Each structure stands twice: as C-alpha cells, then as structure tokens.
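Here is the structure we will look at, set down as structure tokens.
The values are calculated or read from the model by the stated rules, or taken from the named source; none is laboratory data. These numbers come from a predicted model, not from an experiment. FYI the Cβ positions are ideal-geometry reconstructions off the backbone, even for glycines, and counts take in every protein chain you see. These accessible areas exclude ligands, DNA and RNA; they are computed on the full protein's heavy atoms, side chains included. Shrake-Rupley method; radii C 1.70, N 1.55, O 1.52, S 1.80 Å.
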Amino acid sequence: MTVMDNSLFQTLPELIGAIGEPSFYSQVGVCFSKISTVSNFKVFSYPKADKPALLAGFQEPELDQLYCDFAYQLDPFYDVINQHQNKALVTLDSITRHDFESSTYYDRFYHKIGWKNEANLIVSLNDERTICLAYTADNTPIHQLNSELRPYLESIKSAIQKHEALLSTILTVENDAHILASNHTLPLEAPDQVMDQFGLTKREKEVVQYILQGLASAHIAEMCFVSEGTIKNHRKNIYRKLNIRSQRDLFRKFLN
C-alpha cells in the first residue's frame, strides 16, 4: 500500500480553511504528521536578510536553535534557496557530493539530527522570503516517497502561496489604513446618521469606527469580545452594504 491514500487528502479542507489564520502553519504540520512514512519534518521560513525561523514540525529546541543561529549557513539547501534555481522539490543527495559525510555541515550539525536523506519542498514567495518544508523517511527511499507524495505536496504548496499572498494583502491594506489615519488631522469617525443611510447594525457601526482607528480584525475582536472570524464576517457585510471593496475604500468614504 502506498502512502497516498484518501485519508491524506481529507486533511486539505482544514488546511484551506486555515489560510490567512495564525494557525495555518500548525495545520501544515498536521498534514505532514498524517504521512505515516515520514519520520521527521520541519517547516522553516527563510527571510533574505535574516536568520530562518521554525514555523512547524517536530521540535528539538536545542538543535532547532543551533540550526537557526548558524548551521543554516552551511546547509546545501540554503545555497539552492539563495541561488533562485526555481526548483520546487529537491533531495539532499541531488545537491551534495559523495563525500557529504566529510563536510563541515555534517560534522558540526547534520549527524546530530539523525536524518539519512531528506527532501525539501521549496516554496519561493518573492525575492525577500522562502518557505521550505524539510522531511525525511527511515524506511522508504526518499525518491519513491517524493513520487508518491507529489500531488499532495502540490496542494500544500498552493495553499502556502495563497496564505502568504493573503497575508501580504492584509499587511498592505493595514499599512494604508494607518497612513490614511495618520494623515488625517482630526480623529476619523463615521457619523451615525451617515451609517444609518446604509442600514448598518449597531455592531457593524462599532466595527466601522474601530476600522477607522486603524485597528486590525484580531484587535477589534478582542475589543468586541468575539472571534476574529465574526469580525471578518461583519467586515464583509459592511463592505457589501457600503458598496465598497476594500478598507482603503472605507477610509476614503469617510475622509470628506
């Protein structure tokens, strides 16, 4: 029986549902934990101008810290990332020489983690950041495992790209909101009589005022003692009633 059974794909709806949420990479970890033949995995973020950060995976605090502090600079996969070789699925044996076990990286770090061979799913987001999913298998040849996992990995890669694109959009919108708010000399508020014209509920009016203060959905949720998902639903209803499509549009509507 191969590793690719229907139970793996049943994890994808929850992963898709977590797109844009803080729990997203934890859900990526759940997906990998369901692959019975994978014996260890790590999900790292590699910023261009900073050290990597562990996002999910089997945690080994001392080794993880050692890798993120200095060992990553010796990692052959790090060279692949920096060279922008446009490779999505890479195995260790395809990028190292036969004398890998004599390398500084192996001597100072790799032998400590006990991985025999590994593969990296490299998700290039932009010139500033890359996400890598590193995994190994004790009893299945890594190339066989990759062949069987490829459709599943493509789905995970697509979800990561959508998640990061959404986060980028949210950050851009929130930055724009702060700029618009800071450029307005008086506190920006939406008059009740104006909002009444659009049929906003009392809660929707409250959410509008918080948005105009430049608060993010998570912060508004805390202020209103509800979930972030509830606030996002309020925002959708507000945008629909005001016939607008973005937070920038909302600011412009009440700037005059």
Next item on the list: Compare the peptides 14-23, 206-215 by average per-residue count of other Cβ atoms within 10 angstrom and give them in order, highest first.
Entry: 206-215, 14-23
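Using only helices, what value at 222 nm comes out for the chain when you add -39,500 (n - 2.57) per DSSP H run of length 4 or more and divide by the total residues, to the nearest 500 deg cm²/dmol? The partial results should precede the final answer.
On the way: 11 runs with 126 residues, N = 256.
After summing the helix terms and dividing by the residues of the chain, the value is -15000 deg cm²/dmol.
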Next item on the list: Counting only heavy atoms of the protein chains, get the accessible area per residue of the chain (1.4 Å probe) and round it to a whole Å² value.
Entry: 55 Å²
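Using only C-alpha atoms and all pairs of different ones, pull out the Kirkwood radius for the chain in Å with one decimal. Walk me through the intermediate numbers first.
Values: mean 1/r = 0.0475 Å⁻¹.
In the chain this quantity evaluates to 21.0 Å.
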Check: Which helices pass in the chain if a helix is a full DSSP H run, must span at least 30 angstrom along its long axis by Cα, and must have mean Kyte-Doolittle hydropathy not below -1.0?
Finding: 142-183
Note to self: Could you work out what % of the accessible surface of the range 14-123 is carbon and sulfur, using a 1.4 angstrom probe and leaving DNA, RNA and ligands out of the count?
What the structure shows: 47 percent
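Can you sort PHE198, PHE58, PHE109 by 1.4 Å-probe accessible area, starting with the largest?
Heavy-atom accessible area, descending, gives PHE58, PHE198, PHE109.
Evaluate the charge dipole of the chain about its Cα centre and quote only its size in Debye, nearest 20, assuming +1 on the Cβ of each Lys and Arg and -1 on the Cβ of each Asp and Glu.
1000 debye
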Next item on the list: Normalising by the residue count of the chain, find the relative contact order in percent from Cα pairs under 8 Å and 6+ residues apart.
Entry: 18 percent
Checklist line | Ordering of 238-250, 153-165 by packing [mean C-beta count within 10 Å, highest first] | finding: 153-165, 238-250
Notebook entry, point to check: Going from most exposed to least, what order do THR136, THR37 have by accessible area with a 1.4 Å probe?
Noted result: THR37, THR136
Check: Counting only protein chains, not ligands or nucleic acids, how are ARG252, ARG203 ordered by accessible area (probe 1.4 Å), most first?
Finding: ARG252, ARG203
Next item on the list: Compute the convex hull volume of the Cα atoms of the range 1-117, divide it by the residue count, and report the result per residue in Å³ as a whole number.
Entry: 137 Å³
